[in-house]
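In what follows, a single structure is set out as structure tokens and then discussed.
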Amino acid sequence: MKRRDFIKHTTATSALVGLGGLGLNSCSGFNNTHITILHTNDVHSHIDPFPTSHSRYANLGGVARRASLVQSIRAENPNTLLFDAGDIFQGTPYFNFYGGELEFKLMSKLKYDAATIGNHDFDNGVDGLLAQVPHAKFELLSANYDFSNTVMDGFVKPYKIYMLNDIKIGVYGIGIKLDGLVTKRLYKETKYLSPFEIALDTERVLKEEENCDLVICLSHLGYDYENPERPSDTQLAQQTQYTSLIIGGHTHTFLDKPDVRINKKGDAVLVNQVGAYGINLGRIDFYFDGKKNSKANGVSISV
């Protein structure tokens, strides 16, 4: 969806998906609380729009345009959260020169709520990542990267809980295996833990112990692979019990609307990814009834 069309027709979305075993139908009766989730992934240090001469993404993207779009959506619905699914760094001279400082400062200006960590966010090593942490006024979330023996210990949380209009939202991060993607000298003693095992344990904590009404995963595993042995978002969705939305990254997959998968309980899980380079903004709208049952829909908006 183009940005101008979105502004004119903000209700244009994919089919309404019932979560928690609910069916596919209208949102009648689900108007008690409306939560909007906005998201990006694999922005790769693209601060400016693509030039008009670009063969594929002419005049698309740019942080300033994204900021304007996010501001308009927040004005429409104050109950809005903004997330990123990793690979914030690497891809333009801005990263080469500033080392990620500009990216984190601009995300903070846009008031991102949280981001997970992608493999390219280690490109200046854990020391380089730590150097940028003071510029991040948002949470870094990763449940399956153990930083306890590195300088990043204590600066990354497994999950974060947000309260919006009496809806308790638990958000956790999951990262891809670093070995083979990142040089050992860069990630040093960072330990990679099983993403599925950790995700299932974290979502259980968020649902059963923290009593969250909505559980969201920020994933940098990748959308889907031909090799079934490579962990992916589609596989994760099918193994979960409590996660309602997986916001993905890594594979630069352009989805016009969220993919719907069925979890172990037979409930719908939305899996979404909006390509790369900041040319799209993902939007997912959740509607809760008086008993906090929810329905959701989503769309990818060109910036």
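No lab work stands behind these numbers, since they all come straight from the coordinates. Predicted model only: the values in this text are computed from it and were never measured. Methodologically, a virtual Cβ is constructed for each residue, glycine included, from the backbone with ideal geometry; neighbour enumeration extends over all protein chains shown.
Under the convention that each Lys and Arg Cβ holds +1 and each Asp and Glu Cβ holds -1, the size of the dipole of the range 25-171 around its Cα centre is about 540 debye. Shown is the FRET efficiency for residue 262 and residue 77, computed with R0 = 25 Å from the Cβ-Cβ distance and rounded to the nearest 0.05: 0.35.
Label separation (residue 55 vs residue 211): 5.7 nm, computed from points 7 Å beyond Cα along the C-beta direction. Note on residue 177: lysines with a C-alpha under 28 Å away, same-chain residues under 8 apart excluded, are 105, 137, 157, 160, 188, 191, 207, 257, 264, 265. Computed over the chain with a Gaussian network model linking Cα atoms closer than 10 Å, the most mobile of 186, 141, 221 is 186. Computed extension gain for residue 168 through residue 194, at 0.36 nm per residue and net of the alpha carbon distance, reaches 6.7 nm.
Sorting 270, 110 by the number of Cβ atoms found within 10 Å of their own Cβ, with the fewest placed first, yields 110, 270. Sparse packing (at most 16 other Cβ atoms within 10 Å of the Cβ) combined with a DSSP loop state is found for the following GluC sites (Glu not before Pro) in the range 119-222: 189, 210.
Mind checking which of 110, 175, 59 is farthest towards the positive end of the chain's charge dipole, using Cβ charges of +1 (Lys, Arg) and -1 (Asp, Glu) about the Cα centre? Most positive-ward Cα: 59.
Straight-line reach from residue 109: which aspartates and glutamates have Cα under 17 Å away, leaving out those fewer than 8 places along the same chain? Straight-distance partners of residue 109: 48, 84, 101, 139.
Computed over all pairs of different Cα atoms, the Kirkwood value for the hydrodynamic radius of the chain is 19.2 Å. Taken along the Cα-to-beta-carbon direction at a fixed 7 Å, the label points for residue 127 and residue 149 span 1.9 nm. The mean sequence distance of close C-alpha pairs (under 8 Å, at least 6 residues apart), as a share of the length of the chain, puts its relative contact order at 25 percent. Taking the chain as a Gaussian network, where each spring joins two C-alpha atoms under 10 Å apart, which residue of 43, 260, 274 fluctuates the most? Fluctuation is largest for 260.
Could you tell me which trypsin sites (Lys or Arg not before Pro) in the range 63-151 are loop residues by DSSP with no more than 14 other beta carbons within 10 angstrom of their beta carbon?
For trypsin sites (Lys or Arg not before Pro) across the range 63-151 that sit outside H, G, I, E and B with at most 14 neighbouring Cβ atoms in 10 Å, the list reads 137.
Take the Cβ-Cβ distance between residue 97 and residue 291 as r, set R0 to 35 Å, and report the resulting FRET efficiency rounded to the nearest 0.05. So the FRET efficiency works out to roughly 0.10. Placing +1 on each Lys and Arg Cβ and -1 on each Asp and Glu Cβ, with no other charges, gives the chain a dipole about its Cα centre of roughly 820 debye. Peptides 167-174, 146-153, 261-268 ranked from most to least packed by the mean count of surrounding Cβ atoms within 10 Å: 167-174, 146-153, 261-268.
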